[in-house]
Amino acid sequence: EWSDDPLSVTFHLRKGIMYPDKPGVMKSREFTADDVVFSFNRMRSSPKNIATYYDFLDRVEAKDKHTVVFYFKEFNAEWDYRIAWGFYTPVVPKEVIDAGPANWKNVNGTGPFMLTDFVQGNSNTYSKNPVYWDKEKLDGVEYKIPFVDKLVYRTIKDETTQHAALRTAKIDILELINARYVPELKKSAPALKWNKRLSVLGTYVALRNDVKPFDDIRVRRAINMAVNRKEIIEAHYQGEAELFAFPMHPDWSGYYETLDKLPPEARELFEYNPEKAKKLLAEAGYPKGFTFPMEYCACAPDHVDMAPLLVAYFEAIGVKAELKPMEYSAFLSAMTTKKHSAGYFMSQSHTNPTTSIRKQFVTGQTWNPSMHADAAFDAKMDEVYKTKDEAKRQAMIRELTARAVADAPYVWLPTAYVYSAWWPWVKNYDGELSVGSIRPGPIYARIWLDQEMKKKMGY
């Protein structure tokens, strides 16, 4: 419930939501407004808190056991994402923090599953939460969920091993499959069911705008023109990718504009033009090119495969990229501490229209790997937050997107279509990925396995 005087939003919590019993950590108890207040204040006071993230808020108060009020200093168009939906809005009971949240054995929540085993680099094992609140209605009848007693979420780094596990029914669902492997899987396991979606991750090489030679926009534009994106789409993605679907996702009606509607200086970056790239490098003082380090995560098979293609494109204009594969923890830490290399090859979630632009291109943001810094751009983004009229906000975001693209802080790369596959004995499922912010639990809770069908199919 919104209030303009005082400017605030009130949340009425569902009654009867329970934390399960966690021996040595906490006894089963009801989820309350105090949990929300505690978690929010903990996040806001964290030394790892994203700069300016909660600046629009004054305070949060528990009015009673099931009522929480967030008081605003000023309106912020991202309020729902920042306090109620996004990556940084988990509600964690104080007992877990007191017990030590770094130990997985202490974690506890109100979701449909409880983490009961964790083997690093291998698997997460979940058991059904016996006090989960929700139900699923099927043919007019309500059933208590989750339907499955145990869920094992496997960590399989190698794509070939992933596909073998799916093909032999060692796993029931595989959520992320590169399009180029789909034809063979369909041939070798024709009973599989499929879902296709445009990835919610944008792929790019961030070029640090605060170091030479990428502090010169001519160099950044040259690097972009050296890449044959249409060839990448055909050769690397088997035609299953979009040329321009980042930093705005095409699903965001009103915010997204097609490439042909962007200004010429933005459109030009997507055209393969190595000759003009060489001229731009010469103008910028690099007629013989240069060498730069390019970090990427060895945990991302798609990046491992694409990195040599990019190196070849860059070499054609005299630029040498020295590849530096890294493990995920070191790779992420390098960016969040701003110690990453001049080139940083990664994927990042679109998230939502305002967040996608804010987190990647506003000065000082944690997830701004190009170190893009433009005072006028930042000021315009501040206006976006304060604009309640969504139509006006959409126009402002379209303008900022065009400016960000044209400024070439990234080597813009295609956005791939990806597939999910599952066996037909997986019931009440159609490839759904998550609800809210990477939150698949409520989807898994509604799935059951037809064991008789599985046996009849020989598994």
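Go through segment 210-272 and name the trypsin sites (Lys or Arg not before Pro) that are in a DSSP coil and have 13 or fewer other Cβ atoms within 10 Å of their Cβ.
none
Filter LYS261/LYS359; LYS105/LYS128; LYS279/LYS320; LYS157/LYS454; LYS137/LYS454; LYS22/LYS94 down to the pairs with a C-alpha to C-alpha distance above 19 Å, please.
Distance filter (> 19 Å) returns LYS261/LYS359; LYS157/LYS454; LYS137/LYS454.
With r as the distance between the Cβ atoms of LYS230 and ALA165 and R0 = 30 Å, compute the FRET efficiency 1/(1 + (r/R0)^6) and round to 0.05.
0.35
Roughly what would the spin-label model give for PHE118 and ASP149, points 7 Å off Cα along C-beta, in nm?
Simple spin-label model gives 2.5 nm for this pair.
Take TYR286, TYR81 and sort them by solvent-accessible surface of the protein heavy atoms, 1.4 Å probe, largest at the top.
Ranked list, largest accessible area first: TYR286, TYR81.
Can you tell me, using C-alpha contacts under 8 Å and at least 6 residues apart, the relative contact order of the chain as a whole percent?
20 percent
For the chain, what is the convex hull volume of the alpha-carbon atoms per residue, in Å³?
162 Å³
I'd like the accessible area for LEU176, computed on protein heavy atoms only with a 1.4 Å probe and all protein chains in place. Round to 10 Å², please.
Result for LEU176: roughly 110 Å² accessible.
First measure r as the distance between the Cβ atoms of ILE173 and TRP2, then evaluate 1/(1 + (r/R0)^6) with R0 = 45 Å and state the FRET efficiency to the nearest 0.05.
0.70
Tell me the carbon and sulfur percent of the accessible area for the chain, rounded to whole percent, probe radius 1.4 Å.
The computed percentage sits at 52.
With +1 on each Lys and Arg Cβ and -1 on each Asp and Glu Cβ, and nothing else charged, work out how big the dipole of segment 310-378 is about its Cα centre, in Debye to the nearest 20.
Once rounded to the nearest 20, the dipole reads 140 debye.
Quick check for me: using +1 on Lys/Arg Cβ and -1 on Asp/Glu Cβ, what's the dipole size of the chain about its Cα centre, in debye to the nearest 20?
So the magnitude is around 920 debye.
How many nm is it between the label spots at TRP85 and LYS15, if each spot is 7 Å from the Cα in line with the beta carbon?
2.8 nm
With every protein chain left in place, what is the accessible area per residue of segment 411-458 in square angstrom, probe 1.4 Å?
On a per-residue basis, 44 Å².
Taking loop as defined by DSSP and a crowding limit of 11 other beta carbons within 10 Å, which trypsin sites (Lys or Arg not before Pro) in segment 296-349 fit?
Sites meeting the loop and neighbour criteria: LYS339.
With the other protein chains left in place, how much accessible area per residue, in square angstrom, belongs to segment 1-129 at a 1.4 angstrom probe?
53 Å²
In nanometres, what is the gap between the two model label sites at LEU332 and ALA282, each 7 Å from Cα along Cα-to-Cβ?
Once both label points are built, they end up 4.6 nm from each other.
Suppose R0 equals 45 Å. What FRET efficiency, 1/(1 + (r/R0)^6) with r the Cβ-Cβ distance, do ASN49 and LYS320 give to the nearest 0.05?
FRET efficiency, ASN49 to LYS320: 0.70.
Using unit Cβ charges (K, R positive; D, E negative) and no other charged atoms, how large, in debye to the nearest 20, is the dipole of segment 246-382 about its Cα centre?
My answer is approximately 360 debye.
At a probe radius of 1.4 Å, what is the per-residue accessible area of ASP117, in Å² to the nearest 10?
Roughly 60 Å² of ASP117 is accessible to a 1.4 Å probe.
For ARG403, ARG393, give me the order by solvent-accessible area with a 1.4 Å probe, most accessible first, ignoring ligands, DNA and RNA.
Output order, biggest surface exposure first: ARG403, ARG393.
Where in the chain lies the longest segment free of GluC sites (Glu not before Pro) that are both loop residues by DSSP (not H, G, I, E, B) and have at most 14 other Cβ atoms within 10 Å?
Here the longest segment lacking exposed loop sites spans 75-270.
What number comes out for accessible area per residue over segment 199-306 if the probe is 1.4 Å? Units Å², please.
Spelled out: the 1.4 Å probe surface of segment 199-306, per residue, equals 43 Å².
Would you please give the residues with an amide H less than 5 Å from that of ALA241, counting only those at least 5 places away or on a separate chain, with H modeled from the backbone geometry?
Hits under the 5 Å cutoff: TYR417.
Using a 1.4 Å probe and ignoring any ligands, DNA or RNA, find the accessible area of ILE97 and quote it in Å² to the nearest 10.
40 Å²
Give, in nm to one decimal, the length gained when the segment between VAL131 and ASP58 is fully stretched (0.36 nm per residue of separation minus the Cα-Cα distance).
Gain in length upon complete extension: 22.8 nm.
Among VAL91, MET43, ASN106, pick out the residue whose Cα is farthest towards the positive end of the charge dipole of segment 1-119, where Lys and Arg carry +1 and Asp and Glu carry -1 on C-beta, about the Cα centre.
With unit charges placed on the Cβ atoms, the residue in question is ASN106.
The values are calculated or read from the model by the stated rules, or taken from the named source; none is laboratory data. Remember, predicted model here, so these are calculated numbers, not experimental data. Using ideal geometry, Cβ is built from the backbone for each residue, glycine included, and neighbour counts are taken over all protein chains shown. Protein only, heavy atoms only, side chains kept; ligands, DNA and RNA dropped before computing areas. Shrake-Rupley method; radii C 1.70, N 1.55, O 1.52, S 1.80 Å.
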